[in-house]
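Reading through the structure tokens given below for one structure.
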Amino acid sequence: MPPDSRGDRVAETQRLDKLLGNLGYGTRKEVKKLIKDKAIEVDGKRVDDPGMHVDPAKQGIEVFGEKVNYRKYIYIIMNKPQGVISATEDTREETVIDILPEEYLPFSPAPVGRLDKDTVGLLLLTNDGQLAHMLLSPKKHVPKVYYARIAGKVTQNDVEAFKEGVILDDGYKTLPAKLEIIESDVNSIIEVEIYEGKYHQVKRMFEAVGKKVTFLMRKSMGPLKLSEDLKPGQSRELTNEELNALLEKDNI
């Protein structure tokens, strides 16, 4: 698992029971029992106070003799499947959080932006609010590439329209987008690169030129790319290489 490599962010001192609870070692009551059972050590000394303050970035913490690997931030890439919504919780629909492995849940990750319920592909989830803000900021113009199937014949005129920016149904003119035609027929296949994230943007852009998106998959976001070995519904943490590329891309 990649470490928290952001040198400008120093872990804060915090209560031991809260820290271990957030890392999935149990409720505060359960952590207190671990302490009572003499299972927890800090810097080689057994702990008897669950409320003691520790600096996990500088102190060694062990539970049953195993070192606690502290990470303040977590960065997860998911291949979002159809039928799942990009939200942290919902009383009626299954969310992307519901399909995450349990080991990630103590970090309280949230999706960075949204993919529609019926849109699949790359979704980044993190508890790093600063990074999420930077990636979603309109000023950053972070590129996002989508693969789509279109009902209608996509033509060079559409390529030129996207290059200029199209007028959406609410009167908003999009930033210039790069449209590449893979197949052009009654039903077409395309890839499109956009630099903003308006509501249903790709679908609305094609509606603006008289066509309908029938399938939509996000292939990349900034330097992150969806790999073929990550199947729909699967997720994993970013590699150090991916994380460093992401941080470098946004100068964070």
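Considering the range 104-128, the residues that are of a type in the set (V, I, T) and in a loop (DSSP other than H, G, I, E, B) include one that is surrounded by the most Cβ atoms within 10 Å (Cβ to Cβ), namely V112. When you scan the range 209-251, how many residues do you find that are assigned to a loop (DSSP other than H, G, I, E, B) and within 17 Å of the chain's Cα centre (by Cα)? Selection size over the range 209-251: 12.
Total residues in the range 199-230 satisfying the condition of being of a type in the set (D, E, K, R) and under 19 Å from R114 (Cα atoms): the figure is 5. Across the range 11-61, the qualifying residues are those that are part of a strand (DSSP E or B) and touching a residue at least 40 places away in the same chain (Cβ under 8 Å), and the one among them that is nearest to the chain's Cα centre (by Cα) is Q14.
Pairs are defined by a Cβ separation below 7 Å, a sequence spacing of at least 6 or placement on different chains, a first member in the range 104-117 that is within 15 Å of G83 (Cβ to Cβ) and free of Cβ contacts under 8 Å to residues at least 24 places away in the same chain, and a second member that is of a type outside the set (A, V, I, L, M) and assigned to a loop (DSSP other than H, G, I, E, B); no pair meets this definition.
Pick from the range 1-37 the residues that are at pLDDT 85 or above and touching a Phe, Trp or Tyr at 6+ places or on another chain (Cβ under 8 Å): which of them is nearest to L238 (Cα to Cα)? Restricting to residues being at pLDDT 85 or above and touching a Phe, Trp or Tyr at 6+ places or on another chain (Cβ under 8 Å), the top hit is L19. For the range 153-173, a residue qualifies if it is among the small types (G, A, S) and open to solvent by 20 Å² or more (accessible area, probe 1.4 Å), and the qualifying residues are A161, G171. Listed by first and then second residue, the pairs with beta-carbon distance under 6 Å, at least 6 apart or on different chains, first residue in the range 64-78 and closer than 14 Å to L19 by Cα, second among the β-branched types (V, I, T) and open to solvent by less than 60 Å² (accessible area, probe 1.4 Å), are V68/I61.
So, Y195, is that one touching a helix residue (DSSP H, G or I) at 6+ places or on another chain (Cβ under 7 Å) and among the aromatic types (F, W, Y) or not? Lay out the reasoning, then the answer.
On the way: touching a helix residue (DSSP H, G or I) at 6+ places or on another chain (Cβ under 7 Å): no; among the aromatic types (F, W, Y): yes.
So Y195 fails the test.
Only residues that are at negative phi and open to solvent by 10 Å² or more (accessible area, probe 1.4 Å): list them for the range 185-200, please. Those that are at negative phi and open to solvent by 10 Å² or more (accessible area, probe 1.4 Å): D185, V186, N187, I189, E191, E193, Y195, E196, G197, K198, Y199. Residues in the range 62-101 that are over 27 Å from the mean Cα position of the chain (by Cα), of a type in the set (A, V, I, L, M, F, W, C) and either surrounded by 12 or more Cβ atoms within 10 Å (Cβ to Cβ) or part of a strand (DSSP E or B) (or both): V63 only.
The values are calculated or read from the model by the stated rules, or taken from the named source; none is laboratory data. Remember, predicted model here, so these are calculated numbers, not experimental data. Here the Cβ is made from the backbone with ideal geometry for all residues, glycine too, and neighbour counts use every protein chain on show. Accessible surface is based on the protein model in full, side chains and every heavy atom, while ligands, DNA and RNA are left aside. Shrake-Rupley method; radii C 1.70, N 1.55, O 1.52, S 1.80 Å.
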